Amino acid sequence: MKVDVLTLFPKMFSGPLDESIVQRARDNGLLELRIHNLRAYTHDLHQTVDDRPFGGGAGMLLKPEPLFEALEALADEESHIIFLTPSGRKFNQAIARELSSRKHLILVCGSYEGFDERILKVWADEKLSIGDYVLTNGALPAMVLIDVVARLLPGVLGKDESSHEESFSSNYLEYPHYTRPAVFRGMKVPEVLLSGHHARIAQWRSEQSMLKTAAVRPDLLKESGEQEASSSC
Ligand code: 4GM
C-alpha cells in the first residue's frame, strides 16, 4: 500500500512511524509512506496556507489553492482521499480493515479551525475522526490511522501475531494475561492458567472477557448493527 500524507508539520511524523511493526512493513516494501509539507505547494514569499473565514469568527481556515495543487499532483484514480477532522465519522477497527485493502491512501491533516468547505466537496472520499476531542492538528490522527491500517496489511504481522488478530474478532475486551513468574511480589497467577487444562482455561478466559466488557464497555455488548467497534480491543 502507498500512503501519502499532507501536513503542515512533517517533522511530527519522524519517530512514531520509524519504529516497530510499521518500520518493518516499510522495510519489507509492504508500506510505502511519503510525508509532504503543504507549504511546498504555495507560491508566495510567506508560504501562506491559511486565511480568515468569510462572515467573521475566530480562527483561521486552510485556503483552497495549496491543497488543490497538492491533491492534483498526488491523486489518481486509485487514490482514496481521507481528511482527518473532529467532525468526521468515528474511526474504528472495521473501517481500518476496509482501508487496508486500498492501493493508495492520501491522508490530509488539517490544523487551525479546519478546511475551506470547497476542498472537502471536491476531494474528500471520506472524513474520519479518531475520537471526540480536538487536537492542535491532524498529524496524530493520521499517524494513528497509519499504525492501525499498517498492521492489517497482508504479510505485515507474523503468523503468531495475525492468528491473534483473527481469534479476537468478537465484541469482547481481552481477558487478563499473565507471564512468569507464577508468583510476583506475593501476587499469584490464577490457578486455572497453571493447570494445563485447555478447556477450563478457555472457559475462564471467555468468562473474564465478558465480565470485563460488561464492567468497562457495556456499549460493546449491545446488539450488533449500530455497533461502533466490531473487533476486540
Ligand atoms: C478542526 C478541523 C482531527 C481541527 C479540522 C483533527 C482532532 C481530530 C482540525 C482539523 C484535529 C480527531 C485539526 N483534532 N478527533 N485537529 O480525529 O483537521
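The values are calculated or read from the model by the stated rules, or taken from the named source; none is laboratory data. Fair warning: this is a prediction, and the values are worked out from it, not measured in the lab. A quick note on method: Cβ atoms are made from the backbone with ideal geometry, for glycine too, and the neighbour counts reach across all protein chains shown. Just the protein is used for accessible areas: all its heavy atoms, side chains included, with ligands, DNA and RNA removed. Shrake-Rupley method; radii C 1.70, N 1.55, O 1.52, S 1.80 Å.
Return the pair list, or none, for Cβ contacts closer than 7 Å from residues in the stretch 97-110 that are touching a residue at least 12 places away in the same chain (Cβ under 8 Å) and of a type in the set (F, W, Y) to residues that are away from the ligand (no atom under 15 Å from the Cβ) and assigned to a loop (DSSP other than H, G, I, E, B), at least 6 apart or on different chains. Filtered contacts from the stretch 97-110: no entries. Scanning for something part of a helix (DSSP H, G or I), of a type in the set (V, I, T) and within 25 Å of D132 (Cα to Cα), does the stretch 22-44 turn up at least one residue? No: the stretch 22-44 contains no residue that is part of a helix (DSSP H, G or I), of a type in the set (V, I, T) and within 25 Å of D132 (Cα to Cα). Of the numbered criteria (1) at pLDDT 95 or above; (2) more than 16 Å from R102 (Cα to Cα), the one E32 fails is (2). The set of residues from the stretch 20-42 being within 19 Å of P10 (Cβ to Cβ) and out of contact with any Ser or Thr (no Cβ under 8 Å at 6 or more places or on another chain) comprises V22, Q23, R26, L31, E32, L33, R34, R39, A40, Y41. Does at least one position in the stretch 108-122 carry a residue that is open to solvent by 30 Å² or more (accessible area, probe 1.4 Å) and small (G, A, S)? No, the stretch 108-122 contains no residue that is open to solvent by 30 Å² or more (accessible area, probe 1.4 Å) and small (G, A, S).
Residues that are within 12 Å of the chain's Cα centre (by Cα) and surrounded by fewer than 16 Cβ atoms within 10 Å (Cβ to Cβ) were ranked within the stretch 82-97; the one that is farthest from the ligand (Cβ to nearest atom) is A94.
Select the helices (runs of 4 or more DSSP H) contained entirely in the stretch 139-211, then report the ones holding at least 3 residues which are within 30 Å of the chain's Cα centre (by Cα). Even if it seems obvious, please write down each step before you answer.
Numbers: elements: 139-150, 159-167, 191-194.
Counting at least 3 such residues, we get 139-150, 159-167.
Can you name every residue in the stretch 98-129 that is modelled with pLDDT of 95 or more, within 14 Å of the ligand (Cβ to nearest atom) and not in a helix (DSSP H, G or I)? Scanning the stretch 98-129 gives L107, V108, C109, F115, D116, A124, E126, K127, L128, S129.
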